[in-house]
Amino acid sequence: MSTATENGTATRTAAEWVQGFAEGWRAPTDADSFCDHFEPLLSDEMRLIQPQLPETVGRHAFREEFARPLFSLLHEIRGTVESWASRAEGDDEIVFIQLTIHAKLAGGRPVALHTIDKITLRGGVAVERLASLDPLELLGGIALSPRSWPTFLRARLAR
Amino acid sequence: MLETYRLYVTPEIGEPRTMTTTAPATTIETLIAEYSAAWEARDADLIASYHADDGIFHLHSNAAPVEGREAIRETFASLLAVFPDLAFAEQELISGAWGWVVRWTMSGTLAEPYPAGTKVAAPGSRFEIDALDMITVADGKLTAKHTYLDWQAALDQLGLS
(Lines give C-alpha, C1' and ligand atoms only; values in the text may rest on other atoms or scores of the structure.)
Protein backbone atom coordinates (compact mmCIF):
# COMPACT_ATOMS: atom_id res chain seq x y z
CA MET A 1 0.00 0.00 0.00
CA SER A 2 1.36 3.41 -0.91
CA THR A 3 1.83 6.10 1.69
CA ALA A 4 0.19 9.49 1.15
CA THR A 5 2.37 12.51 1.87
CA GLU A 6 1.23 15.92 3.11
CA ASN A 7 1.05 17.33 -0.41
CA GLY A 8 -1.11 14.45 -1.51
CA THR A 9 1.55 12.70 -3.56
CA ALA A 10 1.55 8.95 -3.13
CA THR A 11 4.94 7.43 -2.43
CA ARG A 12 5.98 3.82 -2.55
CA THR A 13 6.36 1.85 0.62
CA ALA A 14 9.49 -0.20 1.13
CA ALA A 15 7.53 -3.35 0.29
CA GLU A 16 6.38 -1.86 -3.01
CA TRP A 17 9.87 -0.69 -3.83
CA VAL A 18 11.31 -4.15 -3.13
CA GLN A 19 8.61 -5.70 -5.30
CA GLY A 20 9.63 -3.40 -8.14
CA PHE A 21 13.29 -4.24 -7.52
CA ALA A 22 12.50 -7.97 -7.65
CA GLU A 23 10.52 -7.58 -10.86
CA GLY A 24 13.34 -5.64 -12.47
CA TRP A 25 15.93 -8.29 -11.70
CA ARG A 26 13.74 -11.35 -12.38
CA ALA A 27 14.49 -11.73 -16.09
CA PRO A 28 15.79 -8.50 -17.66
CA THR A 29 16.27 -8.74 -21.41
CA ASP A 30 18.71 -5.89 -22.06
CA ALA A 31 20.23 -2.80 -20.50
CA ASP A 32 17.64 -0.36 -21.83
CA SER A 33 14.57 -2.28 -20.69
CA PHE A 34 16.29 -2.87 -17.35
CA CYS A 35 16.92 0.87 -16.92
CA ASP A 36 13.45 1.79 -18.17
CA HIS A 37 12.01 -0.40 -15.47
CA PHE A 38 14.24 0.96 -12.71
CA GLU A 39 14.29 4.67 -13.49
CA PRO A 40 10.92 5.42 -11.84
CA LEU A 41 12.30 3.77 -8.70
CA LEU A 42 15.44 5.93 -8.62
CA SER A 43 16.14 9.50 -7.65
CA ASP A 44 17.64 11.78 -10.30
CA GLU A 45 20.73 11.96 -8.11
CA MET A 46 20.97 8.39 -6.88
CA ARG A 47 24.45 7.40 -5.70
CA LEU A 48 25.59 3.92 -6.69
CA ILE A 49 28.40 2.54 -4.53
CA GLN A 50 29.92 -0.90 -5.06
CA PRO A 51 33.26 -2.59 -4.41
CA GLN A 52 36.15 -2.12 -6.83
CA LEU A 53 34.21 0.31 -9.02
CA PRO A 54 33.97 4.10 -9.07
CA GLU A 55 30.96 5.67 -7.42
CA THR A 56 28.34 6.89 -9.89
CA VAL A 57 25.62 9.50 -9.48
CA GLY A 58 22.35 9.83 -11.36
CA ARG A 59 20.12 7.87 -13.70
CA HIS A 60 22.28 8.53 -16.75
CA ALA A 61 25.31 7.07 -15.03
CA PHE A 62 23.19 4.14 -13.84
CA ARG A 63 22.36 3.38 -17.48
CA GLU A 64 25.72 4.10 -19.08
CA GLU A 65 28.21 3.12 -16.39
CA PHE A 66 26.38 0.32 -14.60
CA ALA A 67 23.71 -1.29 -16.76
CA ARG A 68 25.39 -1.24 -20.18
CA PRO A 69 28.70 -2.72 -18.95
CA LEU A 70 26.79 -5.27 -16.89
CA PHE A 71 24.67 -6.45 -19.80
CA SER A 72 27.60 -6.46 -22.18
CA LEU A 73 29.47 -8.78 -19.83
CA LEU A 74 26.61 -10.99 -18.63
CA HIS A 75 23.83 -12.72 -20.54
CA GLU A 76 20.64 -14.45 -19.47
CA ILE A 77 20.64 -12.52 -16.21
CA ARG A 78 18.21 -13.91 -13.66
CA GLY A 79 18.01 -12.24 -10.25
CA THR A 80 16.16 -13.57 -7.22
CA VAL A 81 15.40 -11.61 -4.09
CA GLU A 82 16.09 -14.05 -1.26
CA SER A 83 14.98 -11.83 1.61
CA TRP A 84 14.81 -8.25 2.72
CA ALA A 85 14.54 -6.14 5.85
CA SER A 86 13.88 -2.47 6.49
CA ARG A 87 13.67 0.18 9.15
CA ALA A 88 12.74 3.83 9.29
CA GLU A 89 15.50 6.38 9.81
CA GLY A 90 14.13 9.89 10.11
CA ASP A 91 12.34 10.65 6.85
CA ASP A 92 14.18 7.84 5.08
CA GLU A 93 13.57 4.13 4.89
CA ILE A 94 16.65 1.91 4.96
CA VAL A 95 16.18 -1.38 3.12
CA PHE A 96 18.56 -4.33 2.93
CA ILE A 97 17.87 -6.70 0.02
CA GLN A 98 19.57 -10.09 -0.34
CA LEU A 99 19.88 -10.77 -4.07
CA THR A 100 21.26 -13.77 -5.96
CA ILE A 101 22.07 -13.31 -9.64
CA HIS A 102 22.65 -16.16 -12.05
CA ALA A 103 23.97 -15.32 -15.51
CA LYS A 104 26.29 -16.49 -18.28
CA LEU A 105 29.53 -15.02 -19.50
CA ALA A 106 30.48 -14.86 -23.16
CA GLY A 107 31.18 -18.46 -24.09
CA GLY A 108 28.41 -19.71 -21.87
CA ARG A 109 30.20 -20.17 -18.54
CA PRO A 110 27.62 -19.74 -15.77
CA VAL A 111 28.33 -17.38 -12.89
CA ALA A 112 26.49 -16.70 -9.67
CA LEU A 113 26.74 -13.44 -7.76
CA HIS A 114 25.48 -12.90 -4.24
CA THR A 115 24.91 -9.41 -2.92
CA ILE A 116 23.14 -7.48 -0.26
CA ASP A 117 22.09 -4.05 -1.40
CA LYS A 118 21.50 -1.35 1.17
CA ILE A 119 18.94 1.00 -0.35
CA THR A 120 18.11 4.39 1.10
CA LEU A 121 14.59 5.39 0.13
CA ARG A 122 13.40 8.98 0.31
CA GLY A 123 9.94 9.89 -0.92
CA GLY A 124 9.53 6.40 -2.33
CA VAL A 125 12.61 6.48 -4.58
CA ALA A 126 16.16 5.30 -4.01
CA VAL A 127 18.70 8.01 -3.28
CA GLU A 128 21.56 5.61 -2.60
CA ARG A 129 22.43 1.99 -3.26
CA LEU A 130 25.39 0.48 -1.42
CA ALA A 131 26.26 -3.04 -2.58
CA SER A 132 28.03 -5.57 -0.36
CA LEU A 133 29.49 -8.36 -2.44
CA ASP A 134 32.73 -10.09 -3.27
CA PRO A 135 33.90 -9.12 -6.76
CA LEU A 136 35.96 -12.32 -6.80
CA GLU A 137 32.81 -14.29 -7.57
CA LEU A 138 32.63 -12.52 -10.92
CA LEU A 139 36.34 -12.03 -11.50
CA GLY A 140 36.97 -15.73 -10.92
CA GLY A 141 34.44 -16.63 -13.59
CA ILE A 142 35.88 -14.08 -15.99
CA ALA A 143 39.39 -15.43 -15.45
CA LEU A 144 38.16 -18.87 -16.54
CA SER A 145 36.24 -17.52 -19.52
CA PRO A 146 38.69 -15.96 -22.03
CA ARG A 147 35.89 -15.06 -24.45
CA SER A 148 34.60 -12.58 -21.86
CA TRP A 149 37.97 -10.82 -21.48
CA PRO A 150 37.54 -8.27 -24.31
CA THR A 151 34.14 -7.18 -23.03
CA PHE A 152 35.41 -6.99 -19.47
CA LEU A 153 38.45 -4.94 -20.47
CA ARG A 154 36.33 -2.57 -22.56
CA ALA A 155 34.01 -2.05 -19.60
CA ARG A 156 36.93 -1.34 -17.28
CA LEU A 157 38.67 1.01 -19.73
CA ALA A 158 35.46 2.92 -20.36
CA ARG A 159 35.43 4.13 -16.75
CA MET B 1 16.79 3.98 16.56
CA LEU B 2 15.18 0.76 15.44
CA GLU B 3 11.62 1.73 14.68
CA THR B 4 10.37 -0.95 12.35
CA TYR B 5 11.81 -4.09 10.98
CA ARG B 6 10.64 -6.74 8.61
CA LEU B 7 12.13 -9.70 6.85
CA TYR B 8 10.36 -11.34 4.01
CA VAL B 9 11.47 -14.43 2.16
CA THR B 10 10.36 -14.82 -1.40
CA PRO B 11 10.81 -18.42 -2.53
CA GLU B 12 8.68 -17.45 -5.47
CA ILE B 13 8.77 -13.84 -6.48
CA GLY B 14 5.38 -12.27 -6.05
CA GLU B 15 4.48 -14.39 -3.10
CA PRO B 16 6.29 -12.77 -0.20
CA ARG B 17 5.69 -14.11 3.25
CA THR B 18 6.71 -12.93 6.64
CA MET B 19 9.30 -15.02 8.39
CA THR B 20 8.14 -16.84 11.49
CA THR B 21 8.61 -14.80 14.62
CA THR B 22 10.40 -16.93 17.17
CA ALA B 23 11.41 -14.67 20.03
CA PRO B 24 10.73 -11.21 21.46
CA ALA B 25 13.06 -8.41 20.44
CA THR B 26 14.57 -8.17 23.92
CA THR B 27 15.78 -11.75 23.55
CA ILE B 28 17.23 -10.90 20.16
CA GLU B 29 19.05 -7.92 21.63
CA THR B 30 20.54 -10.17 24.30
CA LEU B 31 21.52 -12.75 21.72
CA ILE B 32 23.19 -10.09 19.56
CA ALA B 33 25.15 -8.78 22.55
CA GLU B 34 26.24 -12.24 23.65
CA TYR B 35 27.16 -13.38 20.15
CA SER B 36 29.18 -10.20 19.56
CA ALA B 37 30.94 -10.72 22.89
CA ALA B 38 31.85 -14.26 21.84
CA TRP B 39 33.48 -12.87 18.71
CA GLU B 40 35.26 -10.19 20.74
CA ALA B 41 36.60 -13.02 22.94
CA ARG B 42 37.65 -14.83 19.72
CA ASP B 43 36.42 -18.07 21.25
CA ALA B 44 35.34 -20.42 18.46
CA ASP B 45 33.68 -22.88 20.86
CA LEU B 46 31.65 -20.11 22.43
CA ILE B 47 30.75 -18.58 19.07
CA ALA B 48 29.61 -21.95 17.73
CA SER B 49 27.45 -22.55 20.80
CA TYR B 50 25.10 -19.83 19.55
CA HIS B 51 24.59 -21.59 16.22
CA ALA B 52 21.85 -24.19 15.73
CA ASP B 53 22.88 -27.84 15.43
CA ASP B 54 21.86 -27.78 11.77
CA GLY B 55 22.66 -24.13 11.18
CA ILE B 56 24.59 -22.88 8.17
CA PHE B 57 27.34 -20.33 7.65
CA HIS B 58 27.68 -19.11 4.10
CA LEU B 59 30.53 -16.82 3.14
CA HIS B 60 29.35 -15.56 -0.23
CA SER B 61 32.79 -15.55 -1.74
CA ASN B 62 33.08 -18.58 -3.99
CA ALA B 63 32.62 -20.76 -0.93
CA ALA B 64 30.06 -23.49 -0.35
CA PRO B 65 27.83 -23.17 2.71
CA VAL B 66 29.25 -24.68 5.90
CA GLU B 67 26.59 -26.86 7.46
CA GLY B 68 26.26 -27.87 11.10
CA ARG B 69 27.54 -26.43 14.37
CA GLU B 70 30.77 -28.45 14.50
CA ALA B 71 31.73 -27.56 10.93
CA ILE B 72 30.98 -23.92 11.69
CA ARG B 73 33.16 -24.09 14.82
CA GLU B 74 36.03 -25.55 12.79
CA THR B 75 35.67 -22.85 10.14
CA PHE B 76 35.75 -20.03 12.68
CA ALA B 77 38.62 -21.66 14.61
CA SER B 78 40.64 -21.84 11.40
CA LEU B 79 39.86 -18.22 10.60
CA LEU B 80 40.90 -17.09 14.08
CA ALA B 81 44.12 -19.10 13.84
CA VAL B 82 45.07 -17.23 10.67
CA PHE B 83 43.88 -13.83 11.98
CA PRO B 84 44.10 -14.05 15.81
CA ASP B 85 43.29 -10.35 16.27
CA LEU B 86 40.26 -10.44 13.97
CA ALA B 87 38.02 -7.53 14.93
CA PHE B 88 34.67 -6.12 13.90
CA ALA B 89 33.62 -2.49 14.32
CA GLU B 90 29.87 -2.10 13.93
CA GLN B 91 28.66 0.48 11.42
CA GLU B 92 24.92 -0.13 11.59
CA LEU B 93 22.43 -2.77 12.61
CA ILE B 94 18.84 -3.75 11.90
CA SER B 95 17.31 -6.33 14.20
CA GLY B 96 14.02 -8.04 14.81
CA ALA B 97 12.65 -11.29 16.13
CA TRP B 98 13.72 -12.86 12.81
CA GLY B 99 17.41 -12.02 13.41
CA TRP B 100 19.62 -9.15 12.39
CA VAL B 101 21.57 -7.46 9.62
CA VAL B 102 24.81 -5.76 10.59
CA ARG B 103 27.40 -3.85 8.59
CA TRP B 104 30.94 -4.06 9.92
CA THR B 105 34.41 -2.82 9.37
CA MET B 106 36.40 -6.05 9.60
CA SER B 107 40.13 -6.07 10.23
CA GLY B 108 42.84 -8.58 10.99
CA THR B 109 46.56 -9.28 10.98
CA LEU B 110 48.08 -12.42 9.52
CA ALA B 111 49.73 -14.71 12.08
CA GLU B 112 51.16 -17.11 9.54
CA PRO B 113 52.14 -17.10 5.86
CA TYR B 114 49.03 -16.93 3.68
CA PRO B 115 49.36 -18.32 0.15
CA ALA B 116 47.12 -17.23 -2.71
CA GLY B 117 48.01 -18.39 -6.21
CA THR B 118 51.71 -17.84 -6.77
CA LYS B 119 52.05 -15.25 -3.98
CA VAL B 120 52.38 -15.56 -0.22
CA ALA B 121 51.45 -12.82 2.24
CA ALA B 122 53.85 -12.51 5.16
CA PRO B 123 52.85 -12.67 8.81
CA GLY B 124 52.08 -9.19 10.07
CA SER B 125 50.25 -8.22 6.89
CA ARG B 126 47.01 -6.47 7.73
CA PHE B 127 43.65 -5.85 6.08
CA GLU B 128 40.60 -3.72 6.85
CA ILE B 129 37.45 -4.09 4.74
CA ASP B 130 33.70 -3.62 4.83
CA ALA B 131 31.60 -6.67 5.63
CA LEU B 132 27.95 -7.45 6.17
CA ASP B 133 26.16 -10.27 7.98
CA MET B 134 22.53 -11.26 7.52
CA ILE B 135 21.57 -13.62 10.32
CA THR B 136 18.35 -15.51 10.94
CA VAL B 137 17.33 -16.93 14.29
CA ALA B 138 14.94 -19.58 15.56
CA ASP B 139 14.48 -20.82 19.12
CA GLY B 140 17.28 -18.58 20.34
CA LYS B 141 19.90 -20.01 17.97
CA LEU B 142 21.43 -18.76 14.74
CA THR B 143 19.96 -20.83 11.93
CA ALA B 144 21.82 -19.07 9.11
CA LYS B 145 24.64 -16.59 8.91
CA HIS B 146 25.23 -15.11 5.46
CA THR B 147 28.42 -13.08 5.22
CA TYR B 148 29.23 -10.69 2.39
CA LEU B 149 32.60 -8.99 2.15
CA ASP B 150 34.94 -7.46 -0.35
CA TRP B 151 37.66 -10.10 -0.21
CA GLN B 152 39.26 -8.67 -3.32
CA ALA B 153 40.03 -5.55 -1.29
CA ALA B 154 41.56 -7.70 1.46
CA LEU B 155 43.76 -9.50 -1.06
CA ASP B 156 44.85 -6.14 -2.47
CA GLN B 157 45.84 -4.95 1.02
CA LEU B 158 47.65 -8.21 1.77
CA GLY B 159 49.62 -7.82 -1.45
CA LEU B 160 48.07 -10.90 -3.02
CA SER B 161 46.35 -9.50 -6.11
Checklist outcome for this item: All-but-one check, A:Gly107 against (1) over 18 Å from A:Leu41 (Cα atoms); (2) within 13 Å of another protein chain (Cβ to nearest Cβ), failing number (2)
Checklist outcome for this item: Screening A:Leu105, A:Leu113, A:Leu74, A:Leu130 for residues that are out of contact with any helix residue (DSSP H, G or I) (no Cβ under 8 Å at 6 or more places or on another chain) and under 17 Å from A:Ala27 (Cα atoms) leaves only A:Leu74
Next on the checklist: I'd like to know if the range B:92-105 contains one or more residues that are more than 23 Å from B:Thr30 (Cβ to Cβ), surrounded by 15 or more Cβ atoms within 10 Å (Cβ to Cβ) and modelled with pLDDT under 95.
Outcome noted: no
Item to check | Qualifying residues in the range B:124-161 (those that are more than 19 Å from the chain's Cα centre (by Cα) and of a type in the set (Ser, Thr, Tyr)) - the one nearest to the other protein chains (Cβ to nearest Cβ) | outcome: B:Ser161
Checklist entry - Within the bounds of the range B:116-130, is there any residue that is at pLDDT 95 or above, of a type in the set (D, E, K, R) and closer than 23 Å to B:Glu34 by Cβ? => result no
Checklist outcome for this item: Screening B:Asp85, B:Asp45, B:Asp54 for residues that are surrounded by fewer than 15 Cβ atoms within 10 Å (Cβ to Cβ), of a type in the set (Asp, Glu) and in a loop (DSSP other than H, G, I, E, B) leaves only B:Asp85
Item to check | Enumeration of residues in the range B:126-161 that are in contact with a strand residue (DSSP E or B) (Cβ under 7 Å, 6 or more places away or on another chain) and assigned to a loop (DSSP other than H, G, I, E, B) | outcome: B:Asp150, B:Leu158, B:Gly159, B:Leu160
Checklist entry - Is it true that some residue in the range A:27-35 is within 14 Å of another protein chain (Cβ to nearest Cβ) and crowded, with 16+ Cβ neighbours inside 10 Å? => result yes
Checklist entry - Which of (1) within 30 Å of B:Gly99 (Cα to Cα); (2) within 16 Å of the chain's Cα centre (by Cα) is the odd one out, the single condition A:Val111 does not satisfy? => result (2)
Checklist entry - Any residue at all in the range A:26-41 that is on the phi > 0 side of the Ramachandran plot, in contact with a Lys or Arg (Cβ under 9 Å, 6 or more places away or on another chain) and either assigned to a strand (DSSP E or B) or acidic (Asp, Glu) (or both)? => result no
Checklist entry - Mind checking whether some residue in the range A:60-81 is under 26 Å from B:Thr147 (Cα atoms), touching a Pro at 6+ places or on another chain (Cβ under 8 Å) and surrounded by fewer than 17 Cβ atoms within 10 Å (Cβ to Cβ)? => result no
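The values are calculated or read from the model by the stated rules, or taken from the named source; none is laboratory data. Because the structure is predicted, anything quoted here is derived from the model rather than measured. Cβ: placed from backbone, ideal geometry, glycine included. Neighbour counts: every protein chain shown.
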